[in-house]
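Chemist: If you scroll down you'll find the structure; I have some questions about it.
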Ligand code: SF4
Ligand code: SF4
Ligand code: FES
């Protein structure tokens with residue numbers, strides 16, 4: 001370890017650490033754009049200026065290694081002046097787009113101008129015009145005028161995905177980010193470039209112009225898209241969920257997540273959800289009040305002797321535990337568990353970075369719960385089937401096929417589902433089938449165990465469907481004969497807002 005002082009505070013850093021890393025360790029402010037802890041050092045923005053041992057020459061902190069005994073500061077007037085000049089230079093051609101820019105509210109340029117800039121620009125020349133809407137690929141749009149050429153996005157495609165789509169083209173103030181011969185930016189991690197872009201130059205097609213970021217709140221969670229279990233933040237407000245971004249997790253996903261994981265919030269939003277308990281009668285669905293639904297469930301479960309539970313690896317450790325306990329207490333009945341595994345052909349595949357073929361967040365949790373699985377043929381001979389459907393139908397290619405098979409069983413069905421299964425007019429369920437709204441991972445707390453065996457926590461965020469239940473809550477209602485009060489949304493009359501700020505690392 002090396003000892004150094006930063007702005008008068010002593011700090012110990014491992015040998016080989018850079019001066020900017022020492023600043024970050026000490027949580028001392030330092031201006032910077034191009035440095036990112038997940039990428040190589042470019043040293044192009046020249047904003048991370050520091051003075052070392054009172055020397056006359058300034059250094060950039062990202063490309064200077066700490067030496068034992070170094071005295072480093074960015075508080076002297078000479079450093080502050082250099083940073084102000086650097087900022088002025090970056091903003092020469094930057095458009096005054098803040099009122100219409102998606103990055104506003106979490107923009108590194110806004111934040112750093114307020115912290116380190118605040119100069120009066122003396123530029124009289126007109127700004128250089130560049131292309132405002134460049135379609136870079138399936139998910140990303142570029143506004144060339146806003147780009148400050150930090151090269152983070154280029155280094156990401158060179159170093160992380162190794163797909164090399166992006167480059168800097170042309171010279172001087174005509175330099176622009178682009179793709180070679182307009183080939184699309186279409187790797188499976190392309191939206192990370194939007195996250196790391198310190199300005200609003202790269203925006204996500206899905207999120208742009210949808211919400212102002214200060215009207216969003218966030219909840220920490222785990223992506224349910226595959227068994228990697230990337231750490232994420234889910235952004236939401238009373239209108240629903242709007243975006244998902246990765247959170248640094250050294251053990252799992254580093255700084256990144258895949259594009260597919262970003263779509264997961266879509267199955268949570270109201271338009272696709274089952275919102276109340278429905279009962280099928282004569283190929284039509286009728287709403288059931290809570291009390292009638294409970295009577296119906298009690299009758300069905302007390303009469304049945306041979307119950308099958310169709311289970312996937314999309315539920316929490318706590319839900320599996322509740323299921324196990326519930327089954328153990330029903331000594332007088334036969335309970336069979338049938339494992340519904342998706343994508344068996346590609347289940348064990350891995351793309352070498354993050355994406356796994358096992359499209360479930362909790363396969364380890366399900367297997368560790370110790371269920372004994374029976375062959376799917378037991379479903380035919382059961383007199384009641386409880387099916388907590390997979391939360392996200394998109395990752396179960398045979399979802400519709402399975403629903404159809406279930407509908408054809410000559411048995412009482414109790415389906416717990418996130419998606420509105422009653423909208424599939426081609427599937428006719430037997431009379432008495434119950435469709436019960438299920439909570440998503442964003443609406444409940446609990447744990448998932450990822451492919452490495454790492455137990456990770458999910459936090460309860462915004463509840464989109466008030467009447468939705470977790471599997472454990474449904475089982476408890478059946479067991480004790482009453483509903484646990486479903487979560488009620490607090491009504492808010494005004495827009496919710498939160499204090500946001502640019503995260504540059
Ligand atoms: S588009 Fe964004 S990340 Fe890429 S070089 Fe420009 S400012 Fe940097
Ligand atoms: S790699 Fe898997 S867990 Fe990570 S973001 Fe993608 S789908 Fe989600
Ligand atoms: S030059 Fe150091 S962060 Fe850009």
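Chemist: Considering (1) surrounded by fewer than 18 Cβ atoms within 10 Å (Cβ to Cβ); (2) at pLDDT 90 or above, say which one residue 124 fails and leave the rest.
Modeler: (2)
Chemist: Follow-up. Looking at 111, 28, 10, which one is outside the structural domain of residue 151 (by TED's automatic domain parsing) and either exposed (fewer than 14 other Cβ atoms within 10 Å of the Cβ) or under 25 Å from residue 157 (Cα atoms) (or both)? Quick ask: steps written out before the conclusion?
Modeler: Values: 111 fails: either exposed (fewer than 14 other Cβ atoms within 10 Å of the Cβ) or under 25 Å from residue 157 (Cα atoms) (or both); 28 fails: either exposed (fewer than 14 other Cβ atoms within 10 Å of the Cβ) or under 25 Å from residue 157 (Cα atoms) (or both).
Exactly one residue qualifies, and that residue is 10.
Chemist: Is region 109-129 home to any residue that is assigned to a loop (DSSP other than H, G, I, E, B), within 13 Å of ligand 1 (Cβ to nearest atom) and under 30 Å from the mean Cα position of the chain (by Cα)? Outline the logic, then answer.
Modeler: Of the residues in region 109-129, the ones assigned to a loop (DSSP other than H, G, I, E, B) are 118-129.
If we keep only those that are within 13 Å of ligand 1 (Cβ to nearest atom) as well, we get none.
No, region 109-129 contains no residue that is assigned to a loop (DSSP other than H, G, I, E, B), within 13 Å of ligand 1 (Cβ to nearest atom) and under 30 Å from the mean Cα position of the chain (by Cα).
Chemist: While we're here: Pick from region 31-57 the residues that are without any contact (Cβ under 8 Å) to a residue 40 or more places away in the chain and buried (at least 18 other Cβ atoms within 10 Å of the Cβ): which of them is nearest to ligand 3 (Cβ to nearest atom)? First the steps, then the outcome.
Modeler: Going residue by residue through region 31-57, those that are without any contact (Cβ under 8 Å) to a residue 40 or more places away in the chain are 41, 43, 48-57.
This time we only want the ones that are buried (at least 18 other Cβ atoms within 10 Å of the Cβ), so: 48-52.
Values: 48: 3, 49: 8, 50: 10, 51: 14, 52: 14 Å.
Applying the filter and picking the extreme gives 48.
Chemist: So if I check each of 52, 41, which one is away from ligand 1 (no atom under 16 Å from the Cβ) and not assigned by TED's automatic domain parsing to the domain that holds residue 157?
Modeler: Details: 41 fails: away from ligand 1 (no atom under 16 Å from the Cβ).
Among 52, 41, only 52 is away from ligand 1 (no atom under 16 Å from the Cβ) and not assigned by TED's automatic domain parsing to the domain that holds residue 157.
Chemist: Please state which of the following conditions residue 64 fails to meet, knowing it meets all the rest: (1) within 19 Å of residue 11 (Cα to Cα); (2) within 16 Å of ligand 1 (Cβ to nearest atom).
Modeler: It is condition (2) that residue 64 fails.
Matching residues to (1) under 18 Å from residue 446 (Cα atoms); (2) modelled with pLDDT of 95 or more; (3) out of contact with any strand residue (DSSP E or B) (no Cβ under 8 Å at 6 or more places or on another chain):
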position	(1), (2), (3)
302	no, no, yes
308	no, yes, no
315	yes, yes, no
351	no, yes, yes
354	no, yes, yes
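Chemist: Working only within region 293-316, note down all residues that are touching a helix residue (DSSP H, G or I) at 6+ places or on another chain (Cβ under 6 Å) and under 18 Å from residue 436 (Cα atoms). Can you show your working first?
Modeler: As a first pass, look at region 293-316 and keep what is touching a helix residue (DSSP H, G or I) at 6+ places or on another chain (Cβ under 6 Å): 297, 301, 308, 313, 315.
Selection gives 297, 301, 308, 315.
Chemist: Restricting region 324-373 to residues that are closer than 18 Å to residue 385 by Cα and assigned to a loop (DSSP other than H, G, I, E, B), which is nearest to ligand 2 (Cβ to nearest atom)?
Modeler: First, the residues of region 324-373 that are closer than 18 Å to residue 385 by Cα: 324-341, 371-373.
From what's left, assigned to a loop (DSSP other than H, G, I, E, B): 330-333, 340-341, 371-372.
Working: 330: 35, 331: 39, 332: 41, 333: 37, 340: 19, 341: 17, 371: 24, 372: 28 Å.
Checked region 324-373; the qualifying residue nearest to ligand 2 (Cβ to nearest atom) is 341.
Chemist: Moving on. Report the residue count in region 217-235 for those that are more than 16 Å from ligand 2 (Cβ to nearest atom) and buried (at least 23 other Cβ atoms within 10 Å of the Cβ).
Modeler: 0
Chemist: Got a number for residues in region 424-441 being within 17 Å of residue 468 (Cα to Cα) and out of contact with any strand residue (DSSP E or B) (no Cβ under 8 Å at 6 or more places or on another chain)?
Modeler: Of the residues in region 424-441, 1 are within 17 Å of residue 468 (Cα to Cα) and out of contact with any strand residue (DSSP E or B) (no Cβ under 8 Å at 6 or more places or on another chain).
The values are calculated or read from the model by the stated rules, or taken from the named source; none is laboratory data. Since this is a predicted model, take the numbers as computed values, not measurements. Don't worry about glycine lacking a Cβ; one is built from the backbone with ideal geometry, like all the others, and counts go over all protein chains shown.
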